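Structure, as structure tokens:
The values are calculated or read from the model by the stated rules, or taken from the named source; none is laboratory data. As the structure is a prediction and not an experimental result, all values here were calculated from the model. Counting neighbours? That spans all protein chains shown, and the Cβs are built from the backbone with ideal geometry, glycine included.
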Amino acid sequence: MENILELQRVSKTFPKSNFTLENVTFSLPYGAILGFVGENGAGKTTTIGCILNTITKDSGTIKLFGKEMLDADTDIREKIGVVYDGDNFPAYWTATQLSKIMAGLYTQWDSPLFQKYLEDFHLPAKQKMKHYSRGMAMKLAIAVALAHHPQLLILDEATGGLDPVMRDEMLDVFLEFVQEENHSILLSSHITSDLEKVADYITFIHNGRLIMTVSKNITMLLCAARRANSLR
Amino acid sequence: MKGLLKNNLYATLSNAKVFSGVMILFGIFVVAVISQSLQIGYVMIGIIGFSVNAIAITKNDYISKWGKYKLTLPVKRIDIVKSLFLNQMIWLLVGTFFVGIEISLSWLFHGCPFDQAIDVLTMFALGVSMGLFMGAVFFPLFYIGGEEKSEVLLVISLLCAFGIDFAIVSVVNDLLEPGIASIMCGTLILIICSLLAFALSYLLTAKIFKKKEY
């Protein structure tokens, strides 16, 4: 099976905080959703930072679309949509301004599609983002991440600020996104029920170390077995 | 690159609008009153003020996650730095053009308030070089010191720009005989030095930013 994302023994140490990401290895196949689970400070955001080059890894290899991504590889970043937890964009912008900026950054920026997402997600285009609720800001970030036709979505706690109804809607959007076989999602989340609904694989990280990567069906079997044991 | 410039433009524009309003009111007063020192003050405040507006936006990227998000966009890190320096140049030109209109109006109504017309050129050169030196000092310091120190770094860079400019002017005045030729030469040295510092600062900032982690 071909992978859209591959991490091999990725390590990163932060001497000041004494945190180490140690030999993280996992891969994300094309057409799949990988849930990335771990407690606060486990190393999820650091791993995503290494993948996206916002943090420089100490060792290991990370391949995106079969290639290590360097700063000059803007063509690879064209194919990636990113959503971070919290405010992704400056508060003084409107969604319309954001669209104009993104049109100047992504060659495949699709303004009509972005407008459609704004309507679907009930986001006012002319309102400044400082007046958006946390949920609205997250929905806007998801709309931006989707509106340039990416192949890979990297979502760092992207569903955290959404209410359960909106979260389900977003999960449907993600499921629709991976209907195309060359699309994949790396979804870091605390909300395991979300991952249960959409993830094909789940990777557990704890204290900077990867515990395991398993198919969701196996995880559910393990949980069921544990529950059955506790009932005995 | 176009998107990055637009991003900086939107960020600077809202503050620049307020600043322009104040400068227009101040400008009306400066045109109405015949005063050489008021005109010098107006030119300096105008050119440096627009530059400060352009520089101050650098911090805004890091109030939200936009600074980190930008690194995930299909742009090179050097282009992010380039866009900041270009934005600074654009607003320096806007400031120069803005105060240029006022000085022209004043000249039109009251004639040249200076002893020699070349003094006006020197005044503009001093403002522009101060704006350039300020940017040259601020940007590398910002990426070394971090966004939480941006206000103090802005003040430091402004003071440094004043210091460097007056040091250059003093040296030039000491070395050259008084006269129009020496004023021209001094003005040229001021502009060349500040442009050189701005270019070197761009390279240094790009080098620092290449290693920054977010």
Q) Going by the conditions given, is A:I202 modelled with pLDDT of 90 or more and under 30 Å from A:D110 (Cα atoms)? A) no
Q. Restricting to segment A:99-121, what's the tally of residues that are in a helix (DSSP H, G or I) and in contact with a Pro (Cβ under 9 Å, 6 or more places away or on another chain)?
A. 1
Q: Could you list all residues from segment B:112-150 that are without any contact (Cβ under 8 Å) to a residue 12 or more places away in the chain and in a helix (DSSP H, G or I)?
A: B:G145, B:E148, B:K149
Q | Residue identified as β-branched (V, I, T), outside any helix (DSSP H, G or I) and without any contact (Cβ under 8 Å) to a residue 60 or more places away in the chain among A:I76, A:I55 | A | A:I55
Q) So which of B:K149, B:K76, B:K59 ends up being surrounded by fewer than 20 Cβ atoms within 10 Å (Cβ to Cβ), under 30 Å from A:D71 (Cβ atoms), away from chain A (no Cβ under 14 Å) and out of contact with any strand residue (DSSP E or B) (no Cβ under 6 Å at 6 or more places or on another chain)? A) B:K149
Q. Of all the residues that make up segment A:38-65, how many are of a type in the set (K, R) and facing chain B (nearest Cβ under 10 Å)?
A. 0
Q.
I'm checking my understanding of the structure. Among residues of segment A:151-190 that are in a loop (DSSP other than H, G, I, E, B), without any contact (Cβ under 8 Å) to a residue 60 or more places away in the chain and in contact with a helix residue (DSSP H, G or I) (Cβ under 7 Å, 6 or more places away or on another chain), which one is nearest to A:H206 (Cα to Cα)?
A. A:T159
Q: Just give me the residues in segment B:2-35 being facing another protein chain (nearest Cβ under 10 Å), more than 19 Å from the chain's Cα centre (by Cα) and surrounded by fewer than 18 Cβ atoms within 10 Å (Cβ to Cβ), in sequence order.
A: B:K2
**Q.** Exclusive hit being touching a Pro at 6+ places or on another chain (Cβ under 8 Å), free of Cβ contacts under 8 Å to residues at least 40 places away in the same chain and farther than 24 Å from B:L188 by Cβ, set B:S64, B:S106
**A.** B:S64
Q.
Quick test for you: out of B:D174, B:D165, pick the one residue that is more than 14 Å from chain A (Cβ to nearest Cβ), of a type in the set (D, E, K, R), within 18 Å of the chain's Cα centre (by Cα) and assigned to a helix (DSSP H, G or I).
A. B:D165
Q.
I need a count of the residues in segment A:66-125 that are within 21 Å of A:H183 (Cβ to Cβ), buried (at least 20 other Cβ atoms within 10 Å of the Cβ) and more than 10 Å from chain B (Cβ to nearest Cβ).
A. 2
Q: Considering (1) out of contact with any Lys or Arg (no Cβ under 7 Å at 6 or more places or on another chain); (2) within 14 Å of chain B (Cβ to nearest Cβ); (3) crowded, with 22+ Cβ neighbours inside 10 Å, say which one A:K12 fails and leave the rest.
A: (1)
Q: From the list A:A141, A:A103, pick out the single residue that is in contact (Cβ under 8 Å) with a residue 24 or more places away in the chain and not basic (K, R).
A: A:A141
Q) Out of the residues in segment A:13-72 that are charged (D, E, K, R) and within 22 Å of A:M212 (Cβ to Cβ), which is modelled with the lowest pLDDT? A) A:E39
(Q) Just to check your reading of the model, which residue among A:L152, A:L175, A:L162, A:L187 is of a type in the set (A, V, I, L, M, F, W, C), out of contact with any Leu (no Cβ under 7 Å at 6 or more places or on another chain) and crowded, with 18+ Cβ neighbours inside 10 Å? (A) A:L162
Q. If you take the residues of segment A:122-132 that are in contact (Cβ under 8 Å) with a residue 24 or more places away in the chain and either assigned to a loop (DSSP other than H, G, I, E, B) or of a type in the set (S, T, N, Q) (or both), which of them is farthest from A:V165 (Cα to Cα)?
A. A:K126
